[in-house]
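Colleague: Take a look at the following structure, please.
The values are calculated or read from the model by the stated rules, or taken from the named source; none is laboratory data. As the structure is a computational prediction, the values presented were derived from the model and not from experiment. So basically every Cβ, Gly included, is an ideal-geometry build from the backbone, and we count neighbours across all protein chains shown.
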């Protein structure tokens with residue numbers, strides 16, 4: 001286990017730990033990326049996969065929004081399919097498409113080809129974490145990984161999917177194959193997060209982007225045990241751990257069960273569910289993160305200002321309703337057309353409240 005940085009003044013770490021911060025902390029999913037001209041300039045010379053395996057590029061791209069916006073946390077620049085590449089999967093990130101798997105995983109024999117994470121392959125990620133910890137000063141660094149279900153959906157479908165037909169067909173029709181795949185991917189996810197923790201990240205977030213396609217009953221049977229094992233394995237690290245998915249209103253209680261094994265559990269909430277309602281759904285002792293609709297940032301400053309104030313007020317009501325803290329964020333990632341100036345103003349407004 002690495003030696004953690006002591007960042008007692010961090011509003012993000014304070015709120016995530018259920019203590020009262022000096023201000024409402026704010027960071028954004030996809031804060032590093034296509035909304036920033038400095039990011040687009042770097043990416044013009046490198047593919048996404050090249051950037052994700054280059055320590056200096058990872059470091060620079062991660063730092064860009066911290067410099068520009070003054071956010072309260074940095075999130076490691078990477079992609080959820082990076083550990084798949086480091087586990088022998090032939091995956092590429094195709095512009096305007098997303099992750100594409102050369103040989104989808106659809107049989108028990110295919111599952112057997114999913115190897116444990118080769119930590120040497122993700123050494124640039126660990127190196128970038130070390131560089132970032134040195135460069136960020138008092139700003140904490142969040143590491144992340146894709147949750148086993150979301151990784152499985154890419155592997156089984158072969159790429160992005162609207163209905164996840166093949167994924168659900170395997171899950172429901174071939175449960176033994178499904179659980180074998182999820183077990184292998186849980187090991188990969190743990191390995192990738194452990195690599196980041198050993199290098200010094202201050203918190204972690206597990207993205208289950210597609211879990212919202214599932215019913216609560218199916219989530220509990222086919223997904224929850226595997227996601228819970230990720231958090232159980234890493235709970236001893238003592239860092240804030242966040243569980244996030246999109247369209248997961250009905251799953252928030254179950255998702256909070258998975259992450260509640262840690263000392264400082266946080267559940268991310270998308271814009272479809274109020275933070276006050278989310279506080280009633282999650283387990284006691286959980287902080288909430290969210291949940292401004294990313295599209296609001298495209299609607300002009302008067303709309304943004306009203307919406308930001310509303311989310312901050314909702315966060316306060318959520319704390320009154322039992323949530324241990326509130327971290328301001330979007331309900332999903334920053335959209336590419338977003339004006340970076342609006343994002344900077346949003347951070348300043350949240351801090352002023």
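Colleague: Listed residues 200, 212; which is under 15 Å from the mean Cα position of the chain (by Cα) and surrounded by fewer than 23 Cβ atoms within 10 Å (Cβ to Cβ)?
Modeller: 212
Colleague: Would you mind telling me which numbered condition in (1) touching a helix residue (DSSP H, G or I) at 6+ places or on another chain (Cβ under 8 Å); (2) at pLDDT 95 or above residue 306 fails?
Modeller: The failed condition is (1).
Colleague: If you scan the range 64-74, which residues turn out to be surrounded by fewer than 24 Cβ atoms within 10 Å (Cβ to Cβ) and either in contact with a strand residue (DSSP E or B) (Cβ under 7 Å, 6 or more places away or on another chain) or without any contact (Cβ under 8 Å) to a residue 24 or more places away in the chain (or both)?
Modeller: 66, 67
Colleague: Filtering the range 284-296 down to residues that are in contact with a strand residue (DSSP E or B) (Cβ under 9 Å, 6 or more places away or on another chain) and assigned to a loop (DSSP other than H, G, I, E, B), which residue is surrounded by the most Cβ atoms within 10 Å (Cβ to Cβ)?
Modeller: Ranking the candidates gives 286 first.
Colleague: Given the criterion closer than 30 Å to residue 66 by Cβ, surrounded by 21 or more Cβ atoms within 10 Å (Cβ to Cβ) and in contact (Cβ under 8 Å) with a residue 60 or more places away in the chain, identify the matching residue among 181, 193, 141, 136.
Modeller: 141
Colleague: Now for a separate question. As an exercise: evaluate residue 267 against (1) more than 27 Å from residue 343 (Cβ to Cβ); (2) at pLDDT 95 or above and give the number of the one condition it does not meet.
Modeller: Single failed check for residue 267: (1).
A quick yes/no check of all residues on (1) out of contact with any strand residue (DSSP E or B) (no Cβ under 6 Å at 6 or more places or on another chain); (2) crowded, with 23+ Cβ neighbours inside 10 Å:
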{"residue": "50", "(1), (2)": "yes, no"}
{"residue": "55", "(1), (2)": "yes, no"}
{"residue": "58", "(1), (2)": "yes, yes"}
{"residue": "62", "(1), (2)": "no, yes"}
{"residue": "80", "(1), (2)": "no, no"}
{"residue": "87", "(1), (2)": "yes, yes"}
{"residue": "94", "(1), (2)": "no, no"}
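Colleague: Run residue 276 past the list (1) farther than 28 Å from residue 59 by Cβ; (2) touching a residue at least 60 places away in the same chain (Cβ under 8 Å); (3) out of contact with any strand residue (DSSP E or B) (no Cβ under 6 Å at 6 or more places or on another chain) and report the number of the one that doesn't hold.
Modeller: Unmet for residue 276, out of (1) farther than 28 Å from residue 59 by Cβ; (2) touching a residue at least 60 places away in the same chain (Cβ under 8 Å); (3) out of contact with any strand residue (DSSP E or B) (no Cβ under 6 Å at 6 or more places or on another chain): (2).
Results for (1) in contact with a strand residue (DSSP E or B) (Cβ under 6 Å, 6 or more places away or on another chain); (2) buried (at least 18 other Cβ atoms within 10 Å of the Cβ); (3) closer than 18 Å to residue 68 by Cα, shown as yes or no for each residue.
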position: 298; (1), (2), (3): no, no, no
position: 302; (1), (2), (3): no, no, no
position: 311; (1), (2), (3): yes, yes, no
position: 318; (1), (2), (3): yes, yes, no
position: 321; (1), (2), (3): no, no, no
position: 346; (1), (2), (3): no, yes, yes
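Colleague: Quick one: in the range 220-245, which of the residues that are modelled with pLDDT of 95 or more and in a loop (DSSP other than H, G, I, E, B) is farthest from residue 15 (Cα to Cα)?
Modeller: Top of the filtered list is 223.
Colleague: Select, from 351, 326, the only residue that is surrounded by fewer than 21 Cβ atoms within 10 Å (Cβ to Cβ) and touching a strand residue (DSSP E or B) at 6+ places or on another chain (Cβ under 9 Å).
Modeller: 351
Colleague: Which one of these is loosely packed, with under 13 Cβ neighbours inside 10 Å, over 27 Å from residue 201 (Cα atoms) and in contact with a helix residue (DSSP H, G or I) (Cβ under 7 Å, 6 or more places away or on another chain): 102, 108?
Modeller: Unique residue meeting the criteria: 108.
Colleague: If residue 253 satisfies every condition in (1) closer than 23 Å to residue 175 by Cα; (2) touching a helix residue (DSSP H, G or I) at 6+ places or on another chain (Cβ under 9 Å); (3) surrounded by fewer than 23 Cβ atoms within 10 Å (Cβ to Cβ) but one, which is the exception?
Modeller: Result: residue 253 passes all but (1).
Colleague: Check the range 99-118 and report whether any residue there is closer than 13 Å to residue 193 by Cα and under 21 Å from the mean Cα position of the chain (by Cα).
Modeller: Scanning the range 99-118, I find at least one residue that is closer than 13 Å to residue 193 by Cα and under 21 Å from the mean Cα position of the chain (by Cα), so the answer is yes.
Colleague: Right, something else. When both residues are 6+ apart or on different chains and their Cβ atoms are under 7 Å apart, which pairs have a first residue that lies in the range 287-314 and is at positive phi, and a second that is surrounded by 17 or more Cβ atoms within 10 Å (Cβ to Cβ)?
Modeller: If the second residue must be surrounded by 17 or more Cβ atoms within 10 Å (Cβ to Cβ), the pairs left are 290/268; 290/269; 290/270; 290/275; 290/329; 290/331.
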